[in-house]
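Structure, as structure tokens:
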Amino acid sequence: MRRSTVAAAVGALVAGLALYGSAQAQEEPVQAPGAQQSTLRAAAEAAGKFVGTAVSDGRLNDASYSEIVSSEFSSVTAENVMKWDTTEPNRGSFNFGPGDRLVEFANANDQQVYGHTLVWHNQLPGWVSNGGFGAAELTQVMNDHITEVAGHYAGQVAYWDVVNEAFNEDGTMRPSVFQTTIGDGWIAEAFRAADAADPDAKLCINDYNVEGINAKSDGLYNLVSGMLEQGVPVDCVGLQSHLILGQVPGDLQENIQRFADLGLEVIITELDIRMTTPSDPNRLQQQAQDYETVVSACTAVPGCAGVTVWGISDADSWIPGVFPGEGAACVWDENLQRKPAYDGILAGFGS
Ligand code: G2I
């Protein structure tokens with residue numbers, strides 16, 4: 001175990017139970033004796049998993065939003081502010097203010113922080129992508145970034161997505177500036193730098209369209225198998241899970257299991273389930289079923305550590321901006337009202 005979590009886990013359990021108890025006392029005064037109101041957080045805890053959400057920096061000022069984040073989730077991921085364009089907008093000049101705010105919020109609410117992300121071709125400042133660096137200098141630039149960012153958050157972050165979205169759909173490597181300049185060794189290099197900067201964080205590789213068994217997840221499987229054989233410090237695989245209504249891969253659990261069988265943790269890192277908008281009761285029911293299917297696949301595999309949903313509300317989701325005519329992918333609607341998907345997640349954790 002690269003991270004000593006026993007004391008933290010006990011503390012979080014006690015705090016979680018206390019929070020759960022006080023939330024019950026405030027919100028359920030007329031509850032029948034013996035009846036239990038659950039939260040996602042309590043349900044995940046009972047299943048031995050974490051449940052997280054991506055947090056949009058600006059939205060934490062909204063009391064209704066931040067109340068949902070703090071009471072329903074045991075883990076938070078910065079939706080944007082720990083990415084390279086925020087943390088090192090110019091070479092050697094680091095900006096940790098927004099990320100630090102999230103860490104403070106998490107500490108105040110006994111939550112784990114899931115770090116996202118150290119090296120990604122997107123939200124990468126122009127000075128890196130168009131810097132014209134040769135292999136040696138780009139390796140230095142990448143390692144410096146990892147050293148500073150993972151070093152700054154050492155001891156505060158439970159997991160890091162060290163490398164994000166490194167694959168093409170056919171399982172070959174995406175021709176990012178890192179791949180084309182440094183070559184195949186850049187991923188192992190990034191993990192070694194992250195391990196040196198924060199030996200206790202669990203180090204993950206994260207991607208999308210790798211939820212089922214397919215060419216892309218086979219590529220990921222082969223890469224991490226090789227890294228493990230070579231002693232590269234990789235601890236976990238993130239399956240983003242930006243899914244489409246009614247299309248949860250039938251072999252999701254089998255896929256989670258094959259990565260777990262390598263001795264890696266698996267995390268559902270960015271779950272959302274989009275539909276053609278507007279939503280209707282049938283679609284929302286199907287969505288609840290789909291959320292349940294995904295969460296229960298994680299619950300069924302001991303090596304699956306937890307599930308993070310990609311944002312709280314349909315109002316803030318990235319989906320409509322990228323897939324026009326689609327949306328309603330989150331667990332709370334535009335008015336921060338729970339959707340049927342909420343009960344789907346509870347059921348998926350076995351509550
Ligand atoms: O694209 C969905 C996710 C896919 N996997 C990696 C995740 O990091 C990614 O998250 C999204 C965020 O949810 C968006 O919020 O990443 C997008 C960028 O690739 C984020 O969008 C950006 C907008 O494109 C920018 O215009 C905006 O300035 O968010 C920025 C901050 O609001």
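Tell me which residues, restricted to segment 222-243, are open to solvent by 60 Å² or more (accessible area, probe 1.4 Å) and in contact with a helix residue (DSSP H, G or I) (Cβ under 9 Å, 6 or more places away or on another chain). Within segment 222-243, Q230 is the sole residue that qualifies. Pairing each residue of segment 232-252 that is farther than 27 Å from W160 by Cβ with any residue that is open to solvent by 10 Å² or more (accessible area, probe 1.4 Å) and of a type in the set (A, V, I, L, M, F, W, C), provided the two are 6+ apart or on different chains, yields C-beta distances under 7 Å for D251/I213. Within segment 266-278, is there a residue that is touching a Gly at 6+ places or on another chain (Cβ under 9 Å), assigned to a strand (DSSP E or B) and open to solvent by 50 Å² or more (accessible area, probe 1.4 Å)? Checked segment 266-278: at least one residue is touching a Gly at 6+ places or on another chain (Cβ under 9 Å), assigned to a strand (DSSP E or B) and open to solvent by 50 Å² or more (accessible area, probe 1.4 Å).
Considering segment 135-172, and only residues there that are β-branched (V, I, T) and open to solvent by 10 Å² or more (accessible area, probe 1.4 Å), the residue that is nearest to Q240 (Cα to Cα) turns out to be T172. Would a scan of segment 104-119 turn up a residue that is near the ligand (Cβ under 10 Å from one of its atoms) and modelled with pLDDT of 95 or more? Scanning segment 104-119 turns up at least one residue that is near the ligand (Cβ under 10 Å from one of its atoms) and modelled with pLDDT of 95 or more.
The single condition among (1) in a loop (DSSP other than H, G, I, E, B); (2) away from the ligand (no atom under 14 Å from the Cβ); (3) open to solvent by less than 50 Å² (accessible area, probe 1.4 Å) that P302 does not meet is (3). Residue check: G132 meets all listed conditions (1) part of a helix (DSSP H, G or I); (2) open to solvent by 50 Å² or more (accessible area, probe 1.4 Å); (3) more than 22 Å from W310 (Cα to Cα) but one, namely (1).
If you go through segment 99-125 and pick out every residue that is in contact with a helix residue (DSSP H, G or I) (Cβ under 9 Å, 6 or more places away or on another chain), surrounded by fewer than 17 Cβ atoms within 10 Å (Cβ to Cβ) and part of a helix (DSSP H, G or I), you end up with 3.
I'd like the full set of residues that are touching a residue at least 24 places away in the same chain (Cβ under 8 Å) and either away from the ligand (no atom under 16 Å from the Cβ) or part of a loop (DSSP other than H, G, I, E, B) (or both), limited to segment 322-332.
Within segment 322-332, F323, G325, A328, A329, C330, V331 qualify.
Suppose the filter is touching a helix residue (DSSP H, G or I) at 6+ places or on another chain (Cβ under 8 Å), surrounded by 17 or more Cβ atoms within 10 Å (Cβ to Cβ), touching a residue at least 60 places away in the same chain (Cβ under 8 Å) and not in a helix (DSSP H, G or I); does T53 pass it? Yes, satisfied.
The values are calculated or read from the model by the stated rules, or taken from the named source; none is laboratory data. Computed from a predicted structure; not experimentally measured. Heads up, the Cβs are rebuilt from the backbone with ideal geometry, glycines too, and the neighbour counts pull from every protein chain shown. The protein model used for the area step is the full one, side chains on, heavy atoms only, and it has no ligands, DNA or RNA in it. Shrake-Rupley method; radii C 1.70, N 1.55, O 1.52, S 1.80 Å.
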